[in-house]
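Novice: The structure that follows is given in the form of structure tokens.
The values are calculated or read from the model by the stated rules, or taken from the named source; none is laboratory data. Just so we're clear, the structure is a prediction, and the values are computed from it rather than from any experiment. Every residue, glycine among them, receives a Cβ derived from its backbone with ideal geometry; neighbour counts consider all protein chains shown. Side chains are part of the model used for accessible areas, which takes the heavy atoms of the whole protein and leaves out ligands, DNA and RNA. Shrake-Rupley method; radii C 1.70, N 1.55, O 1.52, S 1.80 Å.
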Amino acid sequence: MNGAVSEVVSDSVPDCLVCGGCCAWSETWPVLMGARDGEGIPDELIDFDNQRMQSWGHRCAALEGVLGCKVGCSVYANRPLVCREFQAGSADCLMVRRKLGFEA
Ligand code: SF4
Ligand code: SF4
């Protein structure tokens, strides 16, 4: 959620606090990039064997609320690097939103 792997391509940037799509996209994401990534996140929210966030199905265990309605990240201040870098309005963001039916 909210972070900048790819450039912003959309004129109107979607609201992450309504969406949450990239936080419920894959059970293999977000991964942790190195030993200090994810510092401060409670152990039960981390899949240490696979070095990524714990997930319930495709939904990150730290995601709170209702997808596409009102969401939040319970570890926002300590969220993984990939979450910080994923940018709202980027091509990847819009791809996720389209797949989830949030974008035409
Ligand atoms: S898919 Fe885009 S709009 Fe939705 S939470 Fe992720 S970055 Fe924000
Ligand atoms: S750690 Fe937070 S920002 Fe990252 S995928 Fe999970 S809920 Fe989303």
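Novice: Using the basic label-point model (7 angstrom from Cα toward the beta carbon), what is the Glu103 to Lys70 distance in nanometres?
Specialist: 2.5
Novice: At 222 nm, what helix-only mean residue ellipticity would the chain give, in deg cm²/dmol to the nearest 500, using -39500 (n - 2.57) for each DSSP H run of four or more? Provide the component values of the computation, followed by the final result.
Specialist: Working: 2 runs with 14 residues, N = 104.
One gets -3500 deg cm²/dmol as the mean residue ellipticity at 222 nm.
Novice: For the ranges 51-61, 69-79, 83-93, what's the packing order if you count other beta-carbon atoms within 10 Å of each residue, average per peptide, and put the highest first? List each step's numbers first, then the result.
Specialist: On the way: 51-61: 17.7, 69-79: 15.6, 83-93: 19.8.
In decreasing order of mean packing, 51-61, 69-79, 83-93 become 83-93, 51-61, 69-79.
Novice: Residues of the chain: accessible area per residue at 1.4 Å, in Å²? Show your work: numbers first, answer last.
Specialist: Details: 5930 Å² over 104 residues.
Normalised by residue count, the accessible surface of the chain is 57 Å².
Novice: Another question, if that's okay. With a ≥ b ≥ c taken as the square roots of the eigenvalues of the C-alpha gyration tensor of the chain, please select rounded if a/c is under 1.5 and otherwise prolate if a/b is larger than b/c or oblate if it is not? Could you put the intermediate results ahead of the total?
Specialist: On the way: a/c = 1.94, a/b = 1.57, b/c = 1.24.
Taking the square roots of the gyration eigenvalues as a ≥ b ≥ c, the chain is prolate.
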